[in-house]
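As structure tokens, the structure follows; a few thoughts come after it.
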2 protein chains.
Amino acid sequence: MNHKMKRAVVLLSGGLDSATVLAIAADQGFECYALSFDYGQRALTELNAAKAVCASVGAKEHRVFSLDLAQFGGSALTDSTIDVPEGETEGVPITYVPARNTIFLSMALAWAEVLHADAIFIGVNAVDYSGYPDCRPEFIKAYEEMANLATRNGVTGEPFKIEIPLIDLTKAEIIQAGHRLGLDYALTVSCYQSDDEGRACGRCDSCRLRAKGFEDAGVPDPTRYIPV
Amino acid sequence: MNHKMKRAVVLLSGGLDSATVLAIAADQGFECYALSFDYGQRALTELNAAKAVCASVGAKEHRVFSLDLAQFGGSALTDSTIDVPEGETEGVPITYVPARNTIFLSMALAWAEVLHADAIFIGVNAVDYSGYPDCRPEFIKAYEEMANLATRNGVTGEPFKIEIPLIDLTKAEIIQAGHRLGLDYALTVSCYQSDDEGRACGRCDSCRLRAKGFEDAGVPDPTRYIPV
């Protein structure tokens, strides 16, 4: 028997959500090609986390694509003149990077087409999507339709799937899913302003969501925090 | 009266088609922000052409975004180990760059969102689209729908338009349109293997289409060719 293994490009930031997505894709039997971006974000330690997660989960390949979105401006995550908010915010948050998921999915699509991959996995989540327009399921559905018209696959009739396994999960359910698959969350970084060693601030929105997730999940929180 | 000028991001390669699109957008009263890519393609002289066209047409700003698509491989335009074909080809041509227009539109979308632009102009063409799946009108329509779900605009209700003024024009009609608007086609480069001075080979598919376009349009061809 000579079964061709299913292939997936997995968008991997090094954060908790995308690491869980990689573990899920691998568990579903996909040969995983992880794609990370160095997009001028402050949290470069995320990329080291992504590398560690790939090694731990057993991704077939990990590529880091340089993409300087900072030159378009407009986000606290790429523009060092805008402060990262520490409390709750309303509407589309200032940490939103213009068209970020659209751009990331498009780079994944290029690689997926070359690899003849069957799927692209992305860790978007509708439960605590925090007002980011490009985390909504209707966006993903529209992206998938567009992607199949954009590529050879639309011509040859082997459509891509955009897989969003976290879409309906709470943060606690995400953590429980990764925990069941043996994912080591100590390797992941969620903090918007982690230090060079990958230690988290414990105060930003992302840290608050993460800490509450472990608490709600009943899973011990392995996150390393910067000593106050 | 204090009319805010309409803004457009215009994808500009420095070739004949996109230069015509820029002239059309400017003629329609848009303040034009031209976006070019240095994507590891061989024809870097195209970028110099783009700069010259922007100056000539009067674009408000011109940005060149570095994007090394060559690392994904799979195209004669970015992979120096694949020869550019000189004759006719069947199906999806080898010069197709994976997901190229999807990626270009996504970068344009990011900039358009920051600029609060009203439109993105792209020079895709259904008449001689040569088998590129991402030049079909149904792709553009799907992209526009996706883009409006992807961004703040989808939330605030100020939708983007993806404008494709060349979609139904023959090469001759494109040239006539630009000629009427006073566009200097001597500034543009279409050749896949032009030399450092921007002179064309006269033999590749792109050169053939361009020369025939001028002939059919009854417009003098100002293209500079490499002496044989």
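Put in order of Cβ neighbour count within 10 Å, fewest first, the listed residues B:Thr170, A:Thr188 become B:Thr170, A:Thr188. Using the Cβ-Cβ distance between B:Arg180 and B:Val228 with R0 set to 35 Å, the FRET efficiency from 1/(1 + (r/R0)^6) comes to roughly 0.60. The mean number of partner chain beta-carbon atoms within 10 angstrom of a residue's beta-carbon across peptide B:137-148 is 6.
Please average, across the residues of A:111-120, the number of beta carbons from any other chain that are within 10 Å of each residue's own beta carbon, and give a whole number.
Numbers: counts 7, 3, 8, 8, 4, 0, 0, 0, 0, 0.
Across A:111-120, the average partner-chain Cβ count within 10 Å equals 3.
Ordered by the number of other Cβ atoms lying within 10 Å of each residue's own Cβ, fewest first, B:Cys201, B:Cys54 fall into the sequence B:Cys201, B:Cys54.
Extending 7 Å from Cα along the Cβ direction at B:Lys212 and again at A:Asp196 yields two label points whose distance is 6.1 nm. As an exercise, use a Förster radius of 41 Å and the Cβ-Cβ distance of B:Val219 and A:Lys161 to find the FRET efficiency, rounded to the nearest 0.05. The formula returns an efficiency of 0.30 here.
Could you tally the net charge around B:Ser36, taking each other residue with its Cβ under 9 Å from the Cβ of B:Ser36, Lys/Arg +1 and Asp/Glu -1? Summing Lys and Arg as +1 and Asp and Glu as -1 gives 0.
FYI, it's all coordinate maths here, none of it is from the lab. Quick caveat: nothing in here was measured; it's all calculated off a predicted structure. Positions of Cβ are generated from backbone atoms using ideal geometry, with glycine treated the same way; all protein chains shown enter the neighbour counts.
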